[in-house]
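Engineer: Shown below is the structure under consideration.
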Amino acid sequence: MLLLAFPIWAVIISVIAVAFPHWFVDLKSLIVPLLMAVMLGMGLTLSWQDFIQVWKHRMVVGLGVAIQFIIMPLTAWLLSMLFGLSLELTIGMMLVGATAGGTASNVMAYLAKGDVALSVSMTIVSTLAAVVLLPLLTWLYLGQSVDVPVISMLMMLVKLILAPLLIGMVINALFHNKIQKFLPLFPVFSMAVILLIIAIVVALNANNLATVAWSLMLAVTLHNLIGLFSGYILARKLGYNSVIARTVAIEVGMQNSGLSVALAIKYFSAVSALPGALFSIWHNLSGSIFASYWQNKDKLK
């Protein structure tokens, strides 16, 4: 229920950030460490045995990750061109499109009665793949228009993703029983962090929001919906059942927008972080609707 209310809280915190930007602008430097804390928390929920699930679902995981890193970046670039977005906003769209699946996708897969083990496996693999693919894909699509610091971004992603993820897994292995009682707090903490990141980005763009065209919101919405529908339809066309197809759809459509925001702030501009912030609000709303649809459909069977 808390996750389903996330879009409402995101809108509320965005309104507050527009009204009182000075509350949040000085917190800009916290975005990277906050995201590292989320990845550490994700590591705390994983064990080495989880990678056995990755191998068990290797064909579907490979399909989902391929769709994610082919369809989503291409769609981001095409939509940016179609709607004539500025270079700064196009950078933001590409960072969203080339990133990994978000951790909220695992919860949405559960709510949609999908395959949670498959969802977690896809999140793990896409997160690890993003360390290399995100900077490379961004350079591939935008290298002629903007200087993309590929090596620097690669090192940053190692620090942002790999290091905290591995540290979390080691802590889980050493102190598994002791940390179990704290794990239910992780989803709440993750959502609170993403809400704070949204507030900071909105506050940094408070003066720009009035001039942001509806074309950006439409591009962000279509980007997410194309991810959801392409994931589902392609999985079904390849012969997988509805449970697997809806899991792939959620994993492809729900991106790690918090990571794209952190990279935009670090390497580009606050304006480039805006697509990620808007995507974070919208994909939780669309994911909730998608999950609710499958819940109700399964109940009618």
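The values are calculated or read from the model by the stated rules, or taken from the named source; none is laboratory data. All values reported here derive from a predicted model rather than from experimental measurement. Backbone-built Cβ (ideal geometry, glycine too); neighbour counts: all protein chains shown.
Table: residues versus (1) among the small types (G, A, S); (2) more than 16 Å from E251 (Cβ to Cβ); (3) free of Cβ contacts under 8 Å to residues at least 40 places away in the same chain.
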| position | (1), (2), (3) |
| --- | --- |
| V65 | no, no, no |
| Q68 | no, no, no |
| P73 | no, no, no |
| G84 | yes, yes, no |
| G92 | yes, yes, no |
| G97 | yes, no, no |
| A104 | yes, no, no |
| G114 | yes, no, no |
| L128 | no, no, yes |
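Engineer: Residues in segment 238-291 that are over 21 Å from G143 (Cβ atoms), hydroxyl-bearing (S, T, Y) and assigned to a loop (DSSP other than H, G, I, E, B): how many?
Structural biologist: Going through segment 238-291 one residue at a time, the tally reaches 1.
Engineer: Pairs under 6 Å by beta carbon, first residue touching a residue at least 12 places away in the same chain (Cβ under 8 Å) and farther than 16 Å from G101 by Cβ in segment 259-272, partner part of a helix (DSSP H, G or I) and charged (D, E, K, R), six or more apart or different chains?
Structural biologist: From segment 259-272, the pairs are S269/E88; V271/E88; S272/E88.
Engineer: Given A112, A100, A117, which one is touching a Lys or Arg at 6+ places or on another chain (Cβ under 6 Å) and modelled with pLDDT under 90?
Structural biologist: Of the residues listed, the single one that is touching a Lys or Arg at 6+ places or on another chain (Cβ under 6 Å) and modelled with pLDDT under 90 is A112.
Engineer: Here's another thing I want to ask about it. Could you identify the single residue in L78, L128 that is surrounded by fewer than 23 Cβ atoms within 10 Å (Cβ to Cβ), modelled with pLDDT of 85 or more and out of contact with any Phe, Trp or Tyr (no Cβ under 8 Å at 6 or more places or on another chain)?
Structural biologist: L78
To keep it simple, each residue is scored yes or no on (1) under 25 Å from F69 (Cα atoms); (2) outside any helix (DSSP H, G or I); (3) among the hydroxyl-bearing types (S, T, Y).
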site: L160; (1), (2), (3): yes, no, no
site: M169; (1), (2), (3): no, no, no
site: N177; (1), (2), (3): no, no, no
site: P187; (1), (2), (3): no, no, no
site: A206; (1), (2), (3): no, yes, no
site: V220; (1), (2), (3): yes, no, no
site: G231; (1), (2), (3): yes, no, no
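Engineer: Additional query: Residues to consider are A104, A163, A100; find the one that is within 19 Å of the chain's Cα centre (by Cα), surrounded by fewer than 21 Cβ atoms within 10 Å (Cβ to Cβ) and closer than 16 Å to G43 by Cα.
Structural biologist: One residue alone meets the criteria, A163.
Engineer: Can you pull out the residues in segment 26-51 that are closer than 13 Å to A199 by Cβ and either modelled with pLDDT under 80 or buried (at least 17 other Cβ atoms within 10 Å of the Cβ) (or both)?
Structural biologist: Let us first name the residues in segment 26-51 that are closer than 13 Å to A199 by Cβ, namely 26-28, 30-31, 34.
Scanning segment 26-51 gives K28, I31, L34.
Engineer: Can I ask one more? Inside segment 112-171, can you point out the residues that are acidic (D, E) and more than 26 Å from W77 (Cβ to Cβ)?
Structural biologist: D115
Engineer: What number goes with the only condition from (1) at pLDDT 85 or above; (2) within 12 Å of the chain's Cα centre (by Cα) that I281 does not pass?
Structural biologist: (1)
Residue-wise test of (1) without any contact (Cβ under 8 Å) to a residue 24 or more places away in the chain; (2) over 18 Å from M36 (Cβ atoms).
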{"position": "P187", "(1), (2)": "no, no"}
{"position": "V201", "(1), (2)": "no, no"}
{"position": "S215", "(1), (2)": "no, yes"}
{"position": "L222", "(1), (2)": "no, yes"}
{"position": "I233", "(1), (2)": "yes, yes"}
